[in-house]
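Single-structure report; data block below.
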Amino acid sequence: MAMRLKDDLESDGEMHEINVTPFIDVMLVLLIIFMVAAPLATVDVRVNLPASTSAPQPRPEKPVYLSIKADKQLYVGNDAVAKENLVQVLTQQTEGNKETTIFFQADKSVDYETLMAVMDELRSAGYLKIGLMGMESVRK
């Protein structure tokens with residue numbers, strides 16, 4: 001075992017060596033914290049945006065399209081529908097099958113409140129599979 005005598009220090013008794021062990025310990029703890037926290041910080045929510053560069057998904061043979069134009073008029077397919085008759089028309093179009101996906105599209109100028117009112121109407125009628133549609137854009 002080695003021993004340092006007091007006579008080899010400078011006259012004021014100070015050591016001029018930097019102890020980096022606490023610094024390394026702190027850095028390793030921070031590294032572990034960031035490694036654990038980074039995967040938790042990412043959001044894994046898939047949202048169809050108004051413009052998308054993704055490949056189009058295959059459509060069913062007989063899709064049901066629900067549209068809202070800028071004047072807040074509802075359309076099922078190409079036919080205008082009053083909001084009061086929406087559930088009846090959808091039941092006819094889907095032949096009563098509540099598992100049918102409803103492809104929902106709206107004009108950019110339609111407010112969020114109108115969108116949510118129509119989606120609430122669909123949900124209360126039992127149509128839980130709603131596909132939001134967006135414009136396809138070209139990748140640059």
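None of the figures in this text is laboratory data; all of them are computed from the coordinates on show. If you're wondering where the values come from, they're calculated on a predicted model, not measured in any experiment. Here Cβ is always computed from backbone atoms with ideal geometry, including for glycine, and neighbour counts include all displayed protein chains.
Near residue 74, the amide H atoms lying under 5 Å from its own belong to 81; only residues 5 or more places off or on other chains count, and H is placed 1.01 Å from N.
Explain nothing, just the number: dipole magnitude of segment 65-118 about its Cα centre with +1 on each Lys and Arg Cβ and -1 on each Asp and Glu Cβ, in debye rounded to the nearest 20. All intermediate terms of the calculation are to be shown ahead of the outcome.
Numbers: 5 positive and 8 negative charges, 11 e Å.
The calculated dipole for segment 65-118 is roughly 60 debye.
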